[in-house]
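The values are calculated or read from the model by the stated rules, or taken from the named source; none is laboratory data. What you see is a predicted model; the values in this text were computed from it and never measured. Note that we place each Cβ from the backbone using ideal geometry, even for glycine, and neighbour counts take in every protein chain shown. For the accessible areas, the whole protein counts, side chains as well, though only heavy atoms, and no ligand, DNA or RNA atoms are used. Shrake-Rupley method; radii C 1.70, N 1.55, O 1.52, S 1.80 Å.
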Amino acid sequence: MSDLPRFPDGAGEPPPPYSEPPRPDVPATITGAFWAFIVSTVIGIVGALLLFGQKNELIDAARRANSALSEEQLTQAANIALGVAVVIAIVIALLYVLFAVKLRAGRNWARIVLTVLTVLQVLSLVAGSGGTWLSYLSGLAAAIGVVLSFLGDSNTYIAASKQIRR
């Protein structure tokens, strides 16, 4: 009997190492969708930062709503409101970037989440809940990202990426 160890297939040689199938190349449609979502995110952050330029309007609105507050209280309330708005915008932006990165990696769930967020964004603009021209531009960029993420090459890429992960 040989001193070589026996492997499950009965041969004296180890089986070849497992190798993952090659990852498909990221199509231009997914790359375009990724950058459209990034552009939408950057526009959203710029819009949030521009809120600081509207601080006086916010103070005036608070003054009309509650004239019993002092100027210091009104200024403090405006600063808090603006700070909260910017923090919320940054958190949303970070999530958008995370979802865009996952979309580029071929994750269908990220495509669905981005689609739902974009639909909500566009519906809020159409419903007239207010928005600047930057809001509309951000919504347009996100809508372009959604369309690109559902084109044929994108669908093929996401399906192929799903098969590799199984």
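The set of residues in region 148-162 that are touching a residue at least 12 places away in the same chain (Cβ under 8 Å) and either buried (at least 19 other Cβ atoms within 10 Å of the Cβ) or of a type outside the set (Gly, Ala, Ser) (or both) comprises LEU148, SER149, PHE150, LEU151, ASP153, SER154, THR156, TYR157, ILE158, LYS162.
Checking LEU69, LEU58 one by one, the residue that is surrounded by 15 or more Cβ atoms within 10 Å (Cβ to Cβ) and free of Cβ contacts under 8 Å to residues at least 12 places away in the same chain is LEU69 and no other. When VAL42, VAL87 are checked against the criterion of being under 30 Å from ILE158 (Cβ atoms) and open to solvent by 60 Å² or more (accessible area, probe 1.4 Å), a single residue qualifies: VAL42.
Table: residues versus (1) open to solvent by less than 40 Å² (accessible area, probe 1.4 Å); (2) of a type in the set (A, V, I, L, M, F, W, C).
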{"site": "THR29", "(1), (2)": "yes, no"}
{"site": "GLY53", "(1), (2)": "no, no"}
{"site": "GLN73", "(1), (2)": "no, no"}
{"site": "LEU82", "(1), (2)": "yes, yes"}
{"site": "LEU103", "(1), (2)": "yes, yes"}
{"site": "THR118", "(1), (2)": "yes, no"}
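Could you tell me which residue of region 127-136 is nearest to ILE112 (Cα to Cα), considering only residues that are more than 16 Å from the chain's Cα centre (by Cα) and in contact (Cβ under 8 Å) with a residue 60 or more places away in the chain? Step through it out loud before you land on a result.
Step one: filter region 127-136 for residues more than 16 Å from the chain's Cα centre (by Cα), giving 127-134, 136.
Filter once more, keeping what is in contact (Cβ under 8 Å) with a residue 60 or more places away in the chain: 132, 134.
Working: THR132: 26, LEU134: 24 Å.
Step by step, filter region 127-136, then rank; the result is LEU134.
The one condition from (1) open to solvent by 30 Å² or more (accessible area, probe 1.4 Å); (2) closer than 25 Å to LEU49 by Cβ that LEU125 does not meet is (1).
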